[in-house]
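Student: Shown below is the structure under consideration.
The values are calculated or read from the model by the stated rules, or taken from the named source; none is laboratory data. On a predicted model such as this, the values are computed, not experimentally measured, just so you know. Don't worry about glycine lacking a Cβ; one is built from the backbone with ideal geometry, like all the others, and counts go over all protein chains shown. Accessible surface areas use protein heavy atoms only, side chains included; no ligands, DNA or RNA. Shrake-Rupley method; radii C 1.70, N 1.55, O 1.52, S 1.80 Å.
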Amino acid sequence: MSVPGPGAELPAAFAPRLIDWQRRAGRSGLPWQGSRDPYRVWLSEVMLQQTQVSTVLGYYGRFLDRFPDVHTLAAAETDEVMALWSGLGYYSRARHLHRCAQTVVLRHAGAFPSTAAELEKLPGIGASTAAAIAAFCFGERVSIVDGNVRRVLTRLLAFEGDLAQTASQRALWEQAQNLLPLHPSADDMTAYTQGLMDLGATVCTRSRPACELCPMQPICLGWRSGEPQRFPIKTRTLKRRHESWWLLMLLLRGGQDRIWLQRRPASGIWAGLFCPPVYPSEEAAREALGPMQAGGLAALDAVSHSLTHRELRLHPMLMQLQAEPQGEAWPDGQWVSVAMLEQHGLPAPVKLLLQNLFKPSLFEAAAAGSN
Ligand code: SF4
């Protein structure tokens, strides 16, 4: 009698193993776990995209304190939303979040739709986030397929398709649907969906899958192949363009130190956030100041910052003033005092530069005062 190989038992065995493992050994106690409130689940899912759990924890609590439900978020000023998001990166998420809240309030009377198909029609909600909300909050039998889950499933299935191809992505999504539990309760769907996330985040990690600890090892085709790290297969790798920016840090010293900030354009890098004036070269930055340069412009240490498609090299140039310039050519913008910095949405590297520039204690005192 032939014994069925791991491939044959895999589809039926996967979901029960995953649910059992998640309930015994998966993550628990994260503040968004156990909630069936679509607002909270949606917020956590958006924050967790490309961001570590440890980073999200503080932001999630602060965001909910200020915006406890979709109505308060929808009614907020965009600047306040961006300020609370400041430092989390990928700022288009915050803009979409705000627009999505407004859409839910205006078109759905404040109640999120209950199916993945309807959720996906909302601004900024992709297929995986829609599936997570539908599975966690409404028990829908639908699979999430984010980056972590793609890694787990391609290894589990020894999936040879090239994920740079749309057809392969679709085939993997179909496989993911085939692996779902057959007749799950809402609690089963919660454990299953959380289990997929937990397995990718804690066991089947990018560079060192802990196969010896993995509940899927007996049925995992990637492990059987001896080279689980070979998956996922993706031929097109992202090429980042290198770009240098010169930041004019104009600092007005006095009882209340102030910094000159511009709002970034509505689209592009750091859209809508506040930033010192940006120039493509040191000469351009000096020219913008004209005769003011006599006051002394000092180059600070450059810092690097990676974006999805770009590698930015930021060159801060500092000029300290004792009084507001009168009648000089001057870049557009506004003076912002240290105490008000926390009220402004700042890109993470700019926030760091400013923290280094001002005494950290001042910055922290301002933050504490704003809580
Ligand atoms: Fe990933 Fe290894 Fe588990 Fe397979 S056995 S799912 S490769 S950790």
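Student: Quote to one decimal, in nm, the extra length available between A25 and E282 on full extension: 0.36 nm per residue of separation minus the C-alpha distance between them.
Tutor: 87.1 nm
Student: Where does the chain land at 222 nm, in deg cm²/dmol rounded to the nearest 500, when only DSSP H runs of n ≥ 4 count, each adding -39500 (n - 2.57), divided by all residues?
Tutor: Dividing the helical sum by the residues of the chain leaves -13000 deg cm²/dmol.
Student: Need the list of aspartates and glutamates near K121 for cross-linking: C-alpha distance under 12 angstrom, and skip anything on the same chain fewer than eight residues off.
Tutor: none
Student: Can you tell me the Rg and the Dmax, both Å, for the Cα atoms in the chain?
Tutor: 24.6, 93
Student: Return the Cα extents of the range 241-370 along principal axes one, two and three, sorted largest first, each rounded to a whole Å.
Tutor: 42, 38, 28
Student: Round to a whole number: what % of the accessible area of the range 241-370 belongs to carbon and sulfur, probe 1.4 Å?
Tutor: That fraction is 51 percent.
Student: May I ask you to give the solvent-accessible area per residue for the chain, in square angstrom, as obtained with a 1.4 angstrom probe?
Tutor: 49
Student: Run the simple label-point estimate for T308 and E9 please: 7 Å along Cα→C-beta, distance reported in nm.
Tutor: So the two model labels end up 4.1 nm from each other.
Student: Where Rh denotes the Kirkwood radius from the mean inverse Cα pair distance, what is Rg over Rh for the range 10-230?
Tutor: 0.98
Student: Here's something else I'd like to know. How far is it, in nm, from the label point at E174 to the one at C211 when both lie 7 Å from their Cα along the line to the Cβ?
Tutor: Between E174 and C211, the simple spin-label model gives 2.8 nm.
Student: Just to be sure I understand: with springs between alpha-carbon atoms less than 10 Å apart, which residue in A116, A288, A266 has the highest mean-square fluctuation in the Gaussian network model of the chain?
Tutor: Most flexible of the set in this elastic network: A266.
Student: Roll a 1.4 angstrom probe over the protein heavy atoms and tell me the percent of accessible area of the range 10-230 that is carbon or sulfur.
Tutor: On the range 10-230, the fraction of accessible area on carbon and sulfur atoms equals 50 percent.
Student: I've got another one for you. Can you give me the distance in nm between label points at D162 and L182, each placed 7 Å from the Cα along the Cα-to-Cβ direction?
Tutor: Between D162 and L182, the simple spin-label model gives 3.8 nm.
Student: With springs connecting C-alpha atoms under 10 Å apart, model the chain as a Gaussian network and identify which of C220, C211, C275 has the largest mean-square fluctuation.
Tutor: Ranking C220, C211, C275 by mean-square fluctuation puts C211 first.
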